[in-house]
Amino acid sequence: MKYRSLALLSTLVLGAGLAACSSSGGSADGAGDGRTALDVWLMRDSVSAQFQKEFETGFEKAHPEIDVKIQIQEWEGIGEKVTAALASNDAPDVIEVGNTQVAQYAQSGGLTDFSGRVAELGGGDWLEGLAEPGAYDGRQYGIPYYAANRVVIHRTDLFEKAGIDPSRIRTRDQWIAATRKLNTGGTQGIYLPGQNWYVLSGFVWDEGGDLAVQSGGGWKGGLDSPGALRAMDFYRRLQALGKGPKDSDEAQPPQAEVMAKGQVAQIIAVPGGAKVIEEKNPELKGKLGFFPVPGKSADGPGAVFTGGSDLVVPAVAAHQEEAFTLIRELTGDAWQKKLAVAMSYVPNKTTLAGAVADDPGTAAMAAGAVNGHATPNTPQWAAVEAKNPIKEYMTAVLTGEDAGSAAAEASRTITETLGGDS
C-alpha cells in the first residue's frame, strides 16, 4: 500500500524519529480559554519535534484564536484508523495521508472538497505527482504537503576514475554508456534488482505509457502497450550492467547495504539512502553524489514516482474554516521552505525548488520531481500492489520469457483486480 511505501521513503530520507505531541483523538469545541482547539493528525517522521514546535508557535501567534493540537500517528494501521475517523462524529480537523490514498478516502464521500479554493492555495504551481492523486472524480480533496522521489546515488570516486562527468549524463542512452564503462573488473556498473517496479514505472511514463489506463468507464492494465514494452526493454538492458537479483526487489537485500560493500557504482534510491551507505561503510563518506534519473531525451529529467503526503479535511470535521487556515499556512511558501530545509523534502510547488539548492541530494530530488507521477488514481490500486503482478512480470522478462506474452498476462491480472473486463 502507498502509505507503507511512503513510510519507507520517509525513513530513508530522515533517518531519525521525532517526539509526539499528544492530544485527544477528535476535535474539541474549545481549548478552555475561548480559543478553538484544532486537532491535527500528522504522520510519524513527517516533521521533526523542533519543526512541529516552531510551526505551532508561529501559527498560533498569527492566529491567536486557534489552539493547534498535533497528534503524531503511526503508519502501521493508519488506513483503517483514517477510515474509521471519517465515518465517526468525532473526527480530527486535518489529517495527513499518503498522496495516493486520497482517492480511497474520497470515494466514500468523507472528505471536504477544496476545488473552489485551489487558486487561493497557489495550486497552479503544485507538483503534479502530489496534486493529481489528490484529486478524485474531477474534484480536489487532497492539498499537496511534501514530496520525495528517487535519484541516482553514485560513487564520485569511481566516476572520476572512469573519466565520467555525471552532470553530462542527460539522456538514458548516455546513462547506459556510462554504466557500461563502470561495469568492469569487480565493480557493478549499477545495482538494480529485477523487481524494482517503481523504477520501471518511471521508464513507462517516459515512454508515454502507464501501468493502467481508463477505458470505457473502467480501468485496463497497460503493461502490454508499445511504450511500456520499450520501457521494460530499457530496464532489462540497464539491469544487465550489474549483478542485481532478477527475482527480488530493492529491499531484499537492502540495496543501500549492498552498495556499502564497495563494489557498486550506482543505485536508484531516495537520497537518504546515502546516509545508510555511509553508516554501513564510513570509508565511503564524502564519496557519494546524486543526479536525477536521466530522461529519454535531454529536454528534462526522467519520470519518477512521487511519494509524499497530502493534507485532507474530514467532511464531518467541526472546524472547517480553521482547518483550511492551517492548511493554507502549512502548505504556503514560507512554511514549505522551512519544512523542506528542515526535513530534506521536496516542497509542494515547482517554484520552491530553490529552497533546497544547498542540499545536493534534495536538490537532485527536486530537479527530478518536476517530472513526477503517481500510480493510477483509482481506489482499487492498493489491491494491485497487494498482488503485484508487475514484479512477477519483470522477473519473467529478465529470466528469458517473451516480454509481450508476459506483459499481456500481467495486464490481464491488473485489469481484473481493478474490476475491469479482461
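Summary of computed values
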quantity	calculated
Residues A62 and S115, FRET efficiency given R0 of 30 Å [Cβ-Cβ distance, rounded to 0.05]	0.70
Against the rule of thumb 2.2 N^0.38 Å, how large the Cα Rg of region 112-190 comes out	1.77
Pairwise FRET efficiency - T171 versus Q50, Cβ, R0 = 41 Å, nearest 0.05	0.50
Nearby lysines by direct alpha-carbon distance to K220 (threshold 17 angstrom, same-chain neighbours under 8 apart not counted)	K387
All aspartates and glutamates inside 17 Å of K181 as judged from Cα atoms, apart from same-chain residues fewer than 8 positions distant	D157, E160, D165, D173
Where N is the number of residues in region 288-422, Cα Rg divided by 2.2 N^0.38 Å	1.39
Accessible-area order (highest first, 1.4 angstrom probe) of the listed residues D247, D113, D299	D299, D247, D113
Per-peptide average of other Cβ atoms within 10 Å, ordering 221-229, 54-62 highest first	221-229, 54-62
Region 40-82, Cα convex hull volume normalised per residue, Å³	64
Kirkwood-Stokes translational diffusion coefficient of region 208-265, alpha-carbon pairs, 25 °C, 0.890 mPa s, µm²/s	177
Isotropic mean projected area of the C-alpha convex hull, region 21-157 (nm²)	11.1
Debye equation applied to the C-alpha atoms of the chain, log10 I(q)/I(0) at 0.08, 0.10, 0.12 Å⁻¹	-0.44, -0.68, -0.97
Cross-link reach list, lysines versus K275, counting only Cα pairs under 20 Å and skipping chain neighbours closer than eight places	K261, K285, K287
Pairs of Cα atoms farther than 15 Å apart, region 91-140, %	46
Region 147-301: radius of gyration and largest Cα-Cα distance (Dmax), Å	15.9, 56
Region 348-422 - percent relative contact order, Cα under 8 Å, separation 6 or more	22
Quotient of C-alpha Rg and 2.2 N^0.38 Å, computed over region 168-231	1.44
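The values are calculated or read from the model by the stated rules, or taken from the named source; none is laboratory data. Here the structure is a predicted model, which means the values were calculated and not measured. Here Cβ is always computed from backbone atoms with ideal geometry, including for glycine, and neighbour counts include all displayed protein chains. For the accessible areas, the whole protein counts, side chains as well, though only heavy atoms, and no ligand, DNA or RNA atoms are used. Shrake-Rupley method; radii C 1.70, N 1.55, O 1.52, S 1.80 Å.
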